[in-house]
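Computed from the coordinates by the stated procedures, all read-outs in this text should not be read as laboratory data. On a predicted model such as this, the values are computed, not experimentally measured, just so you know. Positions of Cβ are generated from backbone atoms using ideal geometry, with glycine treated the same way; all protein chains shown enter the neighbour counts.
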Amino acid sequence: MAQKTKIGRRVGGWLYLHRSGVELLPAEDAERLAQVAAQHSDTAWNLCKISKDKISLLHYEDFETSGFPALLHSITFDLATQTSKAIDYSKRENPPILHRKELLLPDDAPNIPMYAALTKAAEEAGLFAKPAGIGTRKAWNKRIADAGLKLDGHQLLTSR
């Protein structure tokens, strides 16, 4: 099960993993994910979110180029009830965003150093000191601005 694997990032009972790392999943999780992805073959996704009883396919904007990409779409499949729920975030003014992208990738992913450097800069600036309320674009941008910084791709620059 996803709780026993050492890949991806765990938040609560969920394992988050970039699509490029799905071949590293334990066989049971890989099979469950493949079944859900096949049922939703018309759904674009670049991250998966796996728990014991649910699997989500998540599509984030510009994963490679955006420092903290916004969630555009999600579809969550309940394995017990065999039902799914889709949410479109693409037109929301304040969508959820993604932090710590380097933790979602396989160890050999070439962009890990760049993503990790951004995370380190955010940590050093104290942006993660109070994690409550930083999960949306507006709140995160405010936190960055309040620290006297601005985001430029994968760099935090002084704005003053």
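What the table below lists for this structure:
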item	result
Sorted by Cβ density within 10 Å, fewest first, the residues Thr83, Thr43	Thr83, Thr43
Translational diffusion of region 92-136, µm² s⁻¹ [Kirkwood Rh, Cα pairs; Stokes-Einstein; 25 °C; 0.890 mPa s]	209
Inter-centroid distance (Cα atoms) of region 75-140 relative to region 1-70, Å	12
Surrounding net charge for Gly67, when Lys and Arg each add one and Asp and Glu each subtract one, Cβ distance under 12 Å	-1
Share of Cα-Cα pairs in region 1-110 lying beyond 17 Å, as whole percent	51
Sorted by Cβ neighbour density within 10 Å, fewest at the top, the residues Trp14, Trp140	Trp14, Trp140
Distance violations [Cα-Cα > 18 Å] among Lys6/Lys120; Lys49/Lys150; Lys54/Lys85; Lys49/Lys101	Lys6/Lys120; Lys49/Lys150
Relative compactness, region 55-99, computed as alpha-carbon Rg over 2.2 N^0.38 Å	1.27
Ranking of Lys101, Lys142 by count of other Cβ atoms within 10 Å, fewest first	Lys142, Lys101
Calculated diffusion of region 84-160, Stokes-Einstein form, Kirkwood radius summed over Cα pairs, 37 °C and 0.692 mPa s, µm²/s	238
Size of charge dipole - the chain - debye, nearest 20, with Cβ of Lys, Arg +1 and Asp, Glu -1, no other charges	660
Long-range tail of P(r) for region 118-160 (Cα pairs > 13 Å, %)	50
Lys/Arg +1, Asp/Glu -1 at C-beta; the chain dipole; positive extreme among Gly126, His18, Pro95	Gly126
